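Participant: Take a look at this one; I'll ask things after.
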Amino acid sequence: MTRFPLAYAHWEVRDYFRGPGTILIAIAALAAVILVRLPAAAVFESEDTIATIAGQSLFPLCLIVTAGMVSRDLAEGWYRAYFSRPVAPSFFYLQRWLLGGIVFLLYIPLLAAAVAIRTGEFVVPGWIVGRAALLYLLVGGTVFLFSTLTRRDWVVAALLFIVYSVLHGLLSKGVPLGSLARTIHAVLPPYHAGSLDSQLSSGDIRGALVYGVAMVLAAMAVLTWRPMGSGGRA
């Protein structure tokens, strides 16, 4: 069961563009329609407009792209068909997760194209792409890990993100928190690294990369050593 599942890649890409990809395109198209209909006197900077729209939409879109990536197959029994051939489940779902990340990052140039219809300037800010990649690594990695364990993967990820965001916001404002709250903040993934509003140091970026990669590897470990459909997952 070690064969890399490249033969499945085009089917996974098709599924993404027939599902989450359609939503990403629809949101970019809606942004274009709204911007074009605004008063002619309104002036926009392409990068600022992209950052504003992306800042409000990246997190829910990340959940949409990754939700149920393993748990849905377990619940509906599709894994029995996928792995009737000598394909490693860990690599199969890693490939799906990576392709989902590519689809997710394509949202930024789509959004840039939508904004360019109004501003006449097509700009794809590299720093926004980088933050979106960190967000996918952290939030998408959380969903990936919990998707190997529960059908409520995106719900768990959303709750962890909200708890961390609240605690991080309080700590950033200098609000004194108890030891339990500080411990929870310290052990949760550093989701602020994927925020477009955060100022990041090189240490913040390294920490986010290490934490995100660790969650992806943990998900792959579960898929490798825990039989598919066990533990009430199917």
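Participant: Of the residues that make up the range 202-216, is at least one charged (D, E, K, R) and closer than 20 Å to Leu135 by Cβ? Give the derivation first.
Facilitator: First pass over the range 202-216, keeping only residues charged (D, E, K, R): 204, 206.
The next check asks that each one be closer than 20 Å to Leu135 by Cβ; those that pass are 204, 206.
The answer is yes; a qualifying residue exists.
Participant: In the set Gly68, Gly100, Gly55, which member is closer than 23 Å to Ile23 by Cα and either charged (D, E, K, R) or crowded, with 19+ Cβ neighbours inside 10 Å (or both)?
Facilitator: Values: Gly68 fails: either charged (D, E, K, R) or crowded, with 19+ Cβ neighbours inside 10 Å (or both); Gly55 fails: either charged (D, E, K, R) or crowded, with 19+ Cβ neighbours inside 10 Å (or both).
After applying the criteria, what remains is Gly100.
Participant: Suppose we keep only residues that are in a helix (DSSP H, G or I) and loosely packed, with under 10 Cβ neighbours inside 10 Å within the range 157-180. Which one would you say is farthest from the chain's Cα centre (by Cα)?
Facilitator: If we filter the range 157-180 for residues that are in a helix (DSSP H, G or I), which is where we start, we get 157-172, 179-180.
Those still in the list that are loosely packed, with under 10 Cβ neighbours inside 10 Å too: 179-180.
Numbers: Ser179: 30, Leu180: 28 Å.
Within the range 157-180, the match that is farthest from the chain's Cα centre (by Cα) is Ser179.
Participant: I would also like to ask the following. Would you mind stating whether Thr183 is crowded, with 17+ Cβ neighbours inside 10 Å, of a type in the set (Val, Ile, Thr) and either assigned to a helix (DSSP H, G or I) or free of Cβ contacts under 8 Å to residues at least 60 places away in the same chain (or both)? Give the steps one after another, and end with the answer.
Facilitator: Values: crowded, with 17+ Cβ neighbours inside 10 Å: no; of a type in the set (Val, Ile, Thr): yes; either assigned to a helix (DSSP H, G or I) or free of Cβ contacts under 8 Å to residues at least 60 places away in the same chain (or both): yes.
No: the conditions fail for Thr183.
Participant: Still on this model: For the range 200-224, name all the residues that are surrounded by fewer than 16 Cβ atoms within 10 Å (Cβ to Cβ), outside any helix (DSSP H, G or I) and among the hydrophobic types (A, V, I, L, M, F, W, C).
Facilitator: None - no residue of the range 200-224 is surrounded by fewer than 16 Cβ atoms within 10 Å (Cβ to Cβ), outside any helix (DSSP H, G or I) and among the hydrophobic types (A, V, I, L, M, F, W, C), so the list stays empty.
Participant: Let me ask something else. Pick out the one residue from Asp197, Asp153 that is of a type in the set (Asp, Glu), surrounded by fewer than 16 Cβ atoms within 10 Å (Cβ to Cβ) and closer than 24 Å to Ile64 by Cβ. Steps first, answer last, please.
Facilitator: Working: Asp153 fails: surrounded by fewer than 16 Cβ atoms within 10 Å (Cβ to Cβ).
The conditions single out Asp197.
Participant: So, one more: Kindly check whether there is at least one residue in the range 75-83 that is acidic (Asp, Glu), without any contact (Cβ under 8 Å) to a residue 12 or more places away in the chain and out of contact with any Ser or Thr (no Cβ under 7 Å at 6 or more places or on another chain).
Facilitator: Narrowing the range 75-83 to residues acidic (Asp, Glu): 76.
Retained after the next criterion (residues that are without any contact (Cβ under 8 Å) to a residue 12 or more places away in the chain): 76.
From what's left, out of contact with any Ser or Thr (no Cβ under 7 Å at 6 or more places or on another chain): 76.
Yes, there is a match, as at least one residue in the range 75-83 is acidic (Asp, Glu), without any contact (Cβ under 8 Å) to a residue 12 or more places away in the chain and out of contact with any Ser or Thr (no Cβ under 7 Å at 6 or more places or on another chain).
Participant: Going through Ser71, Ser57, Ser46 one at a time, which residue ends up being farther than 25 Å from Trp97 by Cβ, modelled with pLDDT of 85 or more and in contact with a helix residue (DSSP H, G or I) (Cβ under 8 Å, 6 or more places away or on another chain)? Can you show your working first?
Facilitator: Numbers: Ser71 fails: farther than 25 Å from Trp97 by Cβ; Ser57 fails: farther than 25 Å from Trp97 by Cβ.
Result: Ser46 is the single residue among Ser71, Ser57, Ser46 that is farther than 25 Å from Trp97 by Cβ, modelled with pLDDT of 85 or more and in contact with a helix residue (DSSP H, G or I) (Cβ under 8 Å, 6 or more places away or on another chain).
Participant: Quick one: which of Ala112, Ala51, Ala26, Ala42 is under 29 Å from Ser198 (Cα atoms), assigned to a helix (DSSP H, G or I) and without any contact (Cβ under 8 Å) to a residue 60 or more places away in the chain?
Facilitator: Every option except Ala26 fails the conditions.
Participant: Given the criteria within 14 Å of the chain's Cα centre (by Cα), of a type outside the set (D, E, K, R), in a loop (DSSP other than H, G, I, E, B) and closer than 27 Å to Ile162 by Cα, does Gly130 qualify?
Facilitator: Working: within 14 Å of the chain's Cα centre (by Cα): yes; of a type outside the set (D, E, K, R): yes; in a loop (DSSP other than H, G, I, E, B): no; closer than 27 Å to Ile162 by Cα: yes.
It is false that Gly130 is within 14 Å of the chain's Cα centre (by Cα), of a type outside the set (D, E, K, R), in a loop (DSSP other than H, G, I, E, B) and closer than 27 Å to Ile162 by Cα.
Participant: Would you say Phe104 is in contact (Cβ under 8 Å) with a residue 12 or more places away in the chain and outside any helix (DSSP H, G or I)? First the steps, then the outcome.
Facilitator: Working: in contact (Cβ under 8 Å) with a residue 12 or more places away in the chain: yes; outside any helix (DSSP H, G or I): no.
When the stated conditions are applied, Phe104 does not pass them.
The values are calculated or read from the model by the stated rules, or taken from the named source; none is laboratory data. Note that the structure is a prediction, hence the values are computed from the model and not measured. Virtual Cβ from ideal backbone geometry, glycine too; neighbours counted across all protein chains shown.
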